[in-house]
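**Student:** The following block contains the structure, expressed as structure tokens.
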Amino acid sequence: MKIAVDVVGVLLDNLETFIKIYNEKYKTNYIKNDIRYWEFFRELNLTNEEFLELFYQTFEYPEVIPFIDDQAPIYMKKLNHLHDLYILSALNSSYRNSLINQLEFYDIKKHIHYKEIIIVPEMPYDIKIKHGFEIYVDDNPYLIEPIKKLKDRYLLLFNQPWNKDSNCENNVIRVYNWKEIYEIIQNL
């Protein structure tokens with residue numbers, strides 16, 4: 001099977017660092033659980049451009065970006081050995097090297113944990129579907145409805161505050177950690 005794995009919100013918690021940067025800049029005290037919607041930047045009174053400018057600052061500090069699940073490299077390696085696992089990330093392509101550096105900081109390496117990195121634009125939010133993977137491991141709630149229409153595809157929706165209210169059924173499965181991701185994929 002071909003598996004697409006997102007980075008932000010699935011492997012790395014850039015949002016924790018984003019919130020720290022935002023709080024310092026605007027003298028606020030948000031926490032990650034305050035982020036309840038995918039387009040949360042609107043609630044913070046930021047334009048998409050302002051949000052992206054702050055968000056991309058997180059790539060300047062790979063050593064302070066929290067890892068979401070310490071077991072991810074173990075299960076990614078197993079999955080990549082059994083299947084074809086790709087990193088599929090929506091971000092500005094100029095940050096490709098920064099992304100690779102972040103992954104390597106957490107000992108996630110090409111040919112061991114994944115086959116290749118594919119970068120797609122940030123918009124539209126569901127652009128990843130066009131790549132035709134059989135399984136998507138992502139935190140983006142905008143992938144839910146398009147995946148539900150594709151009965152031969154699966155979305156393993158990584159649980160995050162901005163997708164907690166999303167309805168997971170049929171071929172959309174909520175997941176909480178990488179052990180669970182591995183076990184579900186083995187049973188598909």
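**Student:** Rank 118, 21, 108 by mean-square fluctuation in a GNM of the chain with C-alpha springs under 10 angstrom and give only the top-ranked residue.
**Tutor:** The residue with the greatest mean-square fluctuation here is 21.
**Student:** Please compute the contact order of the chain in relative form: average sequence separation of alpha-carbon pairs under 8 Å and at least six residues apart, divided by the residue count, as a percent. Walk me through the intermediate numbers first.
**Tutor:** On the way: 287 pairs, mean separation 50.9, N = 188.
27 percent.
**Student:** Something else: Which residues' amide hydrogens lie under 5 Å from the amide hydrogen of residue 85, considering only partners 5 or more residues apart or on another chain, with H built in the peptide plane?
**Tutor:** Here the answer is 3, 115, since their amide H atoms fall under 5 Å of that of residue 85.
**Student:** Additional query: Tell me, 1, 76 in order of fewest to most beta-carbon neighbours within 10 Å?
**Tutor:** Result, fewest neighbours first: 1, 76.
**Student:** Would you order 84, 13, 165 from fewest to most other beta-carbon atoms within 10 Å of each residue's own beta-carbon?
**Tutor:** Working: 84 15, 13 19, 165 9.
With the fewest neighbours first, 84, 13, 165 line up as 165, 84, 13.
**Student:** Using a 10 angstrom cutoff on alpha carbons, build the Gaussian network for the chain and name the most mobile of 58, 17, 28.
**Tutor:** 28
**Student:** Also, quick follow-up: Could you compute how fast the chain diffuses translationally, taking Rh as the Kirkwood radius over C-alpha pairs and applying Stokes-Einstein at 37 °C with viscosity 0.692 mPa s? Give it in µm² per second.
**Tutor:** It diffuses with D of about 195 µm²/s by this estimate.
**Student:** Taking the 0 to 90 degree range and rounding to the nearest ten, how far is the long axis of helix 14-26 tilted relative to the main principal axis of the chain, both from C-alpha atoms?
**Tutor:** 10
**Student:** What do you get for the angle between helix 48-57 and the principal long axis of the chain? Use alpha-carbon atoms, 0 to 90 degrees, nearest ten.
**Tutor:** Helix 48-57 and the main axis of the chain meet at about 80 degrees.
**Student:** For the range 14-64, what is the relative contact order in percent, using Cα pairs closer than 8 Å and at least 6 residues apart in sequence?
**Tutor:** Relative CO of the range 14-64 lands at 48 percent.
**Student:** Mind pulling the angle between the C-alpha long axis of helix 96-105 and the longest principal axis of the chain? Nearest 10 degrees, somewhere in 0 to 90.
**Tutor:** 80
**Student:** Related question: Multiplying the sequence separation of residue 97 and residue 187 by 0.36 nm and subtracting their Cα-Cα distance, what value in nm do you get?
**Tutor:** 29.0 nm
**Student:** Another question, if that's okay. Work out how much length residue 112 to residue 164 would gain on full extension: take 0.36 nm times their residue separation and subtract the Cα-Cα distance, in nm to one decimal.
**Tutor:** Roughly 15.5 nm would be gained on extension.
**Student:** Over 31 Å between C-alpha atoms is what I'm after, so list which of 20/109; 77/148; 78/128; 32/77; 32/128; 25/78 land there.
**Tutor:** From the list (20/109; 77/148; 78/128; 32/77; 32/128; 25/78), the Cα-Cα distance tops 31 Å for 25/78.
**Student:** Considering the Cα positions of the range 1-98, please state its Rg to one decimal place and its Dmax as a whole number of Å.
**Tutor:** Taking only Cα atoms of the range 1-98, I get Rg and Dmax of 15.1, 48 Å.
**Student:** Full extension from residue 64 to residue 47: what is 0.36 nm times the residue separation minus their Cα-Cα distance, to one decimal in nm?
**Tutor:** 3.6 nm
**Student:** Each residue of the range 174-185 in turn: what ³J(HN,Hα) in whole Hz from Karplus with 6.51, -1.76, 1.60 and θ = phi - 60°, glycine and Pro shown as x?
**Tutor:** Using θ = phi - 60°, the values come out as 6, 10, 10, 7, 6, 5, 4, 4, 4, 5, 5, 4 Hz.
Since every read-out is calculated from the coordinates, none of them should be taken as a lab result. From a predicted model like this one, the values you see are computed outputs, not experimental measurements. Glycine also receives a Cβ, built like all others from the backbone with ideal geometry; neighbour counts cover every protein chain displayed.
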